[in-house]
Amino acid sequence: MIGAMARGETVVEGLFEGGGVQATAEAMRAVGARIEIRAGRWHVTGIGVGGFLEPEHALDFGNSGTGAQLAMGLLGSYQFTTRFVGDSSLSARLMQCVLDPLRAIGVKVLEHDDNRLPITLHGPRTPVPIDYRMPVASARIKSCLLLAGLAMPGTTTVREPRATPDHTERMLEAFGAQIETRADQAGMHIVEIEGLPNLRAQQVPVPGDPSAAAFGMVAALIVPGSELVMENVMVNPTRTGLLDTLLEMGADIELMNLRRAGGEQVADLRVRHSELSGVTVPVQRVASMLGEYPALAMAAAFAQGETLMQGLGQLRGAANDRVAAVARGLRVNGVDCEDGPDSLLVRGRGRVKGGGRVTTHMDHRIAMSFLVMGMAADDAVIIDDQSTIAASFPDFVARFEDVGASFIRYTD
C-alpha cells in the first residue's frame, strides 16, 4: 500500500504471499499502481500521494480483515467512491472501529450492513485531519488513520492507551513520511503524521511474520523430542508477547543471530520440546499478541496448571467470537477451560486427549491452532475447513509435513 503511494519502483523481497497479500495487490492495481512479480520479488510502481484513481469495480479482500481496514483508511479520504467486499467470514465482522473515526474525517459511508461489509465509502471534498483518542489499543485502527492522514493537509494525531505494534510507523518513516511518536504525562501513546508527504520508493526486505512463527513455536514445544529452527523471524518488541509468555511458561527457546533487516529487529529461533507450566498473562500484553491467543491456548492445554488470559474483549468482537470458538474446540478435545466476557482460563494437564471435531468458523488462526494441537494429542484432531488457511499461511501443511507432521485429508 505504501509503495503504491510512493514515487518510483519499490521492490519487496521475502513477501509471504497469502490471500490477504494477493487481495491487497489487486486492490492497489485497481486504483492505479503497477505491480509485477519477477524472480520472486514484488515490483510496485507507485503514483504518488493523492494520485489514486477511482476503482472501476468493488475491492474484494476475501478473508483479510487487515487488508480491508487499512485500505478503508488509505482510500476513504479520496473524493471518489470505493466499495469494499469480502467473503462470508469477513462480511460478518464489525467495521465500526474504523468507520467511526473515518466519519470524523468527513468520509461518507454510503452503504453498510450494520457496519459490516459490503461497505461503500466516498471521500469528502475537504478532508479534516483529526486528533483521535482510540477507545482500545489497536494497531489496525491506528494504521488505518495514519494512512488516511497521508492524503490530506495538516497533522493527523492518534492517541492510544498503550503502544501497539509499530510496523506502519517504521515503514512510513523509511519511505520519507514525517511521523513522530511520544508518550504524554497520562501515559497515552501518541503518534502524529504530516499529510501530503513526498514518499520515495524503497528496497524492502520482509522479515518472517511472528504470527506465522507462533504455530511452529507451539508445535515444537508440545511434540515430544522436537527441535525446530525458524530463521529470520521478526522480534520487534511490540510483537513478542507470545514469545515472552512462552518463556515464562518454561519454554526452551533460544534467540540466535540477532540483527536488523528492513528497519526491524529479527532473529533465528531455536525451539525445543519443553515441560510447560500455566501462567497468568498480563493484560497489558494483549496488543503485542492479539492474533496469537489461539496458538497460546494450545500451549496452555499441554501445560501443567492454569493459564489465565485476560483482556480479550477485542477477540469477542471479531467474526464468530474467536474466544468462544477456541473454548468450544478445547472442550470437544477434552481440555477443561472457561471463557468469560473478557477472558479465557485453560486448565492444562500436560497432555490432551484429542479426537474432537473443531468448527473453525472460517477462521484461519483457529484452523491452524487446532491442527497444531493434533500433532501432539493422543487422538487426531479434526477441523471442518482448511481452505481459509491460505489467507495467511498458504503452505502451512507443506511446511509442517517437511518437518514430520502427518495430515489426513477427509472428504466428508
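The values are calculated or read from the model by the stated rules, or taken from the named source; none is laboratory data. Model, not experiment: these values are computed from the prediction. No Cβ is skipped: glycine too gets one built from the backbone with ideal geometry, and neighbour counts run over all protein chains shown.
General remarks:
- Of all positions in the stretch 386-407, at least one carries a residue that is under 17 Å from Gly216 (Cβ atoms), among the acidic types (Asp, Glu), surrounded by 14 or more Cβ atoms within 10 Å (Cβ to Cβ) and free of Cβ contacts under 8 Å to residues at least 40 places away in the same chain.
- Any hit, the stretch 86-98, residues being crowded, with 23+ Cβ neighbours inside 10 Å, modelled with pLDDT of 95 or more and part of a helix (DSSP H, G or I): yes
- Matching option when the condition is outside any loop (DSSP other than H, G, I, E, B), surrounded by 15 or more Cβ atoms within 10 Å (Cβ to Cβ) and either touching a strand residue (DSSP E or B) at 6+ places or on another chain (Cβ under 9 Å) or not assigned by TED's automatic domain parsing to the domain that holds Thr24 (or both), among Leu146, Leu74: Leu146
- The one condition from (1) modelled with pLDDT of 95 or more; (2) crowded, with 20+ Cβ neighbours inside 10 Å; (3) of a type outside the set (Gly, Ala, Ser) that Pro165 does not meet is (1).
- Ala213 touching a Leu at 6+ places or on another chain (Cβ under 6 Å), modelled with pLDDT of 95 or more, in a helix (DSSP H, G or I) and of a type outside the set (Phe, Trp, Tyr): no
- Conditions (1) surrounded by fewer than 18 Cβ atoms within 10 Å (Cβ to Cβ); (2) at pLDDT below 95; (3) part of a loop (DSSP other than H, G, I, E, B); number of the one not met by Gly250: (2)
- For the stretch 261-272, the condition holds for no residue, the condition being that it is touching a strand residue (DSSP E or B) at 6+ places or on another chain (Cβ under 9 Å), within 27 Å of Arg328 (Cβ to Cβ) and among the charged types (D, E, K, R).
- Restricted to the stretch 183-200, and to residues there that are surrounded by 20 or more Cβ atoms within 10 Å (Cβ to Cβ) and in contact with a strand residue (DSSP E or B) (Cβ under 6 Å, 6 or more places away or on another chain), the residue that is farthest from Arg170 (Cα to Cα) is His189.
- Taking helices (runs of 4 or more DSSP H) as the structural unit, those lying wholly within the stretch 290-398 and holding at least 1 residues that are modelled with pLDDT under 95 correspond to 313-316, 322-332, 364-376.
- Among the residues of the stretch 1-50, those that are assigned to a helix (DSSP H, G or I) and in contact (Cβ under 8 Å) with a residue 60 or more places away in the chain comprise Ile2, Gly3, Met5, Gly19, Gly20.
- Unique residue being outside the structural domain of Gly18 (by TED's automatic domain parsing), surrounded by fewer than 18 Cβ atoms within 10 Å (Cβ to Cβ) and not in a loop (DSSP other than H, G, I, E, B) when the list is Glu180, Glu231: Glu231
- Test result for Leu94, over 20 Å from Met1 (Cα atoms), touching a His at 6+ places or on another chain (Cβ under 6 Å) and among the hydrophobic types (A, V, I, L, M, F, W, C): no
- The stretch 259-306, subset within 14 Å of Asp244 (Cα to Cα) and among the β-branched types (Val, Ile, Thr), residue surrounded by the most Cβ atoms within 10 Å (Cβ to Cβ): Val281
- In the stretch 31-71, of all residues being within 29 Å of Met362 (Cα to Cα) and among the hydroxyl-bearing types (Ser, Thr, Tyr), the one that is surrounded by the fewest Cβ atoms within 10 Å (Cβ to Cβ) corresponds to Thr66.
- Close pairs (7 angstrom Cβ cut-off, 6 or more residues apart or separate chains): among the aromatic types (Phe, Trp, Tyr) in the stretch 173-198, assigned to a loop (DSSP other than H, G, I, E, B) anywhere: Phe175/Ala6; Phe175/Leu199; Phe175/Gln202
- Residue within the stretch 50-63 that is assigned by TED's automatic domain parsing to the domain that holds Asn198, modelled with pLDDT under 95 and in contact with a helix residue (DSSP H, G or I) (Cβ under 8 Å, 6 or more places away or on another chain) present: yes
- Which listed residue, of Phe393, Phe302, is in contact with a His (Cβ under 8 Å, 6 or more places away or on another chain) and aromatic (Phe, Trp, Tyr): Phe393
- For the stretch 99-113, a residue qualifies if it is farther than 13 Å from Ile130 by Cα and either assigned to a helix (DSSP H, G or I) or among the hydroxyl-bearing types (Ser, Thr, Tyr) (or both), and exactly one does: Leu99.
- Restricting the first member to the stretch 218-235 and to residues that are within 16 Å of Leu246 (Cα to Cα) and in contact (Cβ under 8 Å) with a residue 60 or more places away in the chain, and the second to residues that are surrounded by 13 or more Cβ atoms within 10 Å (Cβ to Cβ) and among the polar types (S, T, N, Q), the beta-carbon pairs closer than 8 Å and six or more apart or on different chains are Val218/Ser369; Ala219/Ser226; Leu221/Ser274.
- Some residue of the stretch 364-377 being surrounded by 14 or more Cβ atoms within 10 Å (Cβ to Cβ), over 25 Å from the mean Cα position of the chain (by Cα) and of a type outside the set (Ser, Thr, Tyr): yes
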